[in-house]
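Any read-out appearing in this document is the output of simple, stated calculations on the displayed coordinates, not a laboratory observation. Because the structure is a prediction, the values reported are computed rather than measured. In this analysis, Cβ positions are derived from the backbone assuming ideal geometry, glycine residues included, and neighbour counts consider all displayed protein chains.
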Amino acid sequence: MKIDLNGKRALVCGSTAGIGKASAFALARAGAEVTLLARNRGKLEAVCAELPRESGQHHDWIAADFSEPASVGAAVSGSLAAGYAWQILVNNTGGPPGGRAIDASPDEYLDAIRAHLINNQTLVQLLLPGFRAAKYGRVINIISTSVKAPIPGLGVSNTIRGAVASWAKTIATELAPDGVTVNNILPGFTDTARLESLFHSKAKRLGQSVQAIQDSAISTIPAGRLGKPEEIAAGVVFLASSEAAYINGINLPIDGGRLPVL
């Protein structure tokens, strides 16, 4: 099946590295015009210059810091005021630091809520008029398999990912009559800088080598390897397509079979 996203514009968050960057490239290859959203202007410029333009698309970027939801809202509002409209939104940002849930401070939970749930809500509200005008909207949230099975040592992350999943399911039912779908992708252990950082932190905490920590993680994956960001991005492209119009409110694990539950 060849997915054609010509004529669609996608706003991809956290798109200068990892899963976000891979998703931006995959959407562009499918014909979409892509707006990158992240905080580092230099990286945004570099990634934007590399994006495929096989269909003559115009790609661009917006700089905003997800730790400051007001700045995200203001930056995107500015583009909307200039006449922009998007039909695809990929909500994606780096996860909270590792650690036990019981040891986290209230401020750590509040920071995670702002960076994930509040930004997601802000962006959907801003893009919704454009979705409705086009009678086409795709909201794709990159969260975690912890929605189905909490991951030890990621207490704050487990908590906020579950909150985002419940939020997404709720608005999926509310927005379905407008031709908008809202779905979640649950990446398993994926070869990204975020995962490498978590492996290093765990290795230091346990006094083990990083390789030992990685090997232990891989031993839990039936596929016998880490996932690739491009494999997560393939799911993003499908859920962004017209072919996925009847898929709404789901959690899609892409984890090599690791999850122990359905």
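Here are the numbers:
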{"item": "Fraction of antiparallel bridges per DSSP, region 1-103 only, in percent to nearest 5", "result": "0"}
{"item": "By average C-beta atoms within 10 angstrom, highest first, the peptides 10-17, 64-71", "result": "10-17, 64-71"}
{"item": "Whole-number percent relative contact order across region 126-262, with pairs defined as alpha carbons under 8 Å at least 6 apart", "result": "33"}
{"item": "Helical contribution to [θ] at 222 nm, DSSP H n ≥ 4, -39,500 (n - 2.57), averaged over the chain, rounded to 500", "result": "-13500 deg cm²/dmol"}
{"item": "Cross-link partners of LYS228 among lysines (Cα-Cα below 17 Å; sequence separation of 8 or more within a chain)", "result": "LYS21"}
{"item": "Distance between region 119-195 and region 8-35 - C-alpha centres, whole angstrom", "result": "16"}
{"item": "Sequence-separation-based contact order of the chain, relative, with Cα cut under 8 Å and 6+ spacing, percent", "result": "20"}
